[in-house]
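Reading through the structure tokens given below for one structure.
The values are calculated or read from the model by the stated rules, or taken from the named source; none is laboratory data. Everything quoted here is computed from the prediction, not taken from an experiment. Cβ placement follows ideal geometry from the backbone for every residue including glycine, while neighbour counts extend to all protein chains displayed.
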Amino acid sequence: MAKRGRAAGRSSTEKTAGVVEVPQGSRPQGPVEGVYYIDTGDCELIADQDNSSGWLLRINGVMSSHIDLADPLFLDFEYMRWISALVESRWPRESRPKLRALHLGGGACSLARYFHSAYPEARQVVVELDGKLAEYVRGWFDLPKAPLMRLRVGEAREVTESLTPQTRDVIIRDVFAGSLTPRPLTTKEFNEQALRVLAPGGMYVVNSGDAPDLRSAREDAATIAETFKHTVIIADPAMLKGRRYGNMIMAGSDIPFDDDHGLARRLLGGAVPAHIWNDAKVRAFAAGAPVRHDPPAVDPPTVDPPPPSTAP
């Protein structure tokens, strides 16, 4: 199972709350602990016992997100910190870029809230498959309003394929069905769609979860490296050595990732210190792994025309 949980060394809450019934057509006003039925199953909203303004969101039994209502710049999950550090390395906050971000996978919109605070002029779209979950998240958390942030209900690949070329600076893939990313979002053909939508100098970032054998991670890396000229991987040493289940952050771009010593120091300074691999190390890691592709199109079966009528 992918490590989508909290930072190491912090306690998690295992309390099971009761089912919360929300009247049809209404939206909750603020977070209330409990289990909620959503379109794809159920989710559980849990108060953070270590943080009076924090909330955890578990979706279909998998810990998905953490929100700090008082501080959108606080990211409790290490992999989200790694993503934010990578993005800020290319687009420093002080330059106040008008970042255009596409988030594939919504959850509690933790990173979207972070980027809204870090880049006040950013324009973001968050794609969430589960319409009921999106409705709850809007009611629970203090999300920016459109056009600063749009919460779009839809399937991530279909939405990406519908977008105009070169209209996003950052695309973040953080979509899981249980512990795995749906395969249609991991193929070369989908990577090419992401590349098409990215503006020159843009960055495609994925949260790749895997078991210690790292088979899936290598295939993810091989597919990204096949599509993008430049790549990086960020993960903690134990994950890079295949010693546990966990997450790797992978990114591809049409321009090199700078050898940013400040980024390397920032990654080492978290509760779970991480290392960054440059393009050469990524390609060595991916060597020999198959590149994922969409299944071949199947032609519809041909139907023979009926024989001519022999009626008199």
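Just a few scattered comments:
- Among the residues making up segment 92-142, those that are assigned to a helix (DSSP H, G or I), under 15 Å from the mean Cα position of the chain (by Cα) and not hydrophobic (A, V, I, L, M, F, W, C) are Ser110, Arg113, Tyr114.
- From the options Arg157, Arg173, residue that is in contact with a Leu (Cβ under 7 Å, 6 or more places away or on another chain) and over 27 Å from Glu121 (Cβ atoms): Arg157
- Single residue of segment 143-161 satisfying the filter (assigned to a helix (DSSP H, G or I) and hydrophobic (A, V, I, L, M, F, W, C)) that is farthest from Gly54 (Cα to Cα): Val159
- Scanning segment 162-177 for residues being at pLDDT below 95 and part of a strand (DSSP E or B) gives a total of 1.
One line per residue, one yes/no per condition, for (1) modelled with pLDDT under 95; (2) surrounded by fewer than 19 Cβ atoms within 10 Å (Cβ to Cβ); (3) over 20 Å from Val153 (Cα atoms):
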{"site": "Val35", "(1), (2), (3)": "no, yes, yes"}
{"site": "Ile46", "(1), (2), (3)": "no, no, yes"}
{"site": "Gln49", "(1), (2), (3)": "no, yes, yes"}
{"site": "Leu75", "(1), (2), (3)": "no, no, yes"}
{"site": "Ser89", "(1), (2), (3)": "no, no, yes"}
{"site": "Leu102", "(1), (2), (3)": "no, no, no"}
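- Put simply, of Leu69, Leu111 the only residue that is in contact with an Asp or Glu (Cβ under 8 Å, 6 or more places away or on another chain) and under 24 Å from Val159 (Cα atoms) is Leu111.
- Of Ala284, Ala264, Ala280, all but one fail to be part of a helix (DSSP H, G or I), surrounded by fewer than 10 Cβ atoms within 10 Å (Cβ to Cβ) and without any contact (Cβ under 8 Å) to a residue 60 or more places away in the chain; the exception is Ala280.
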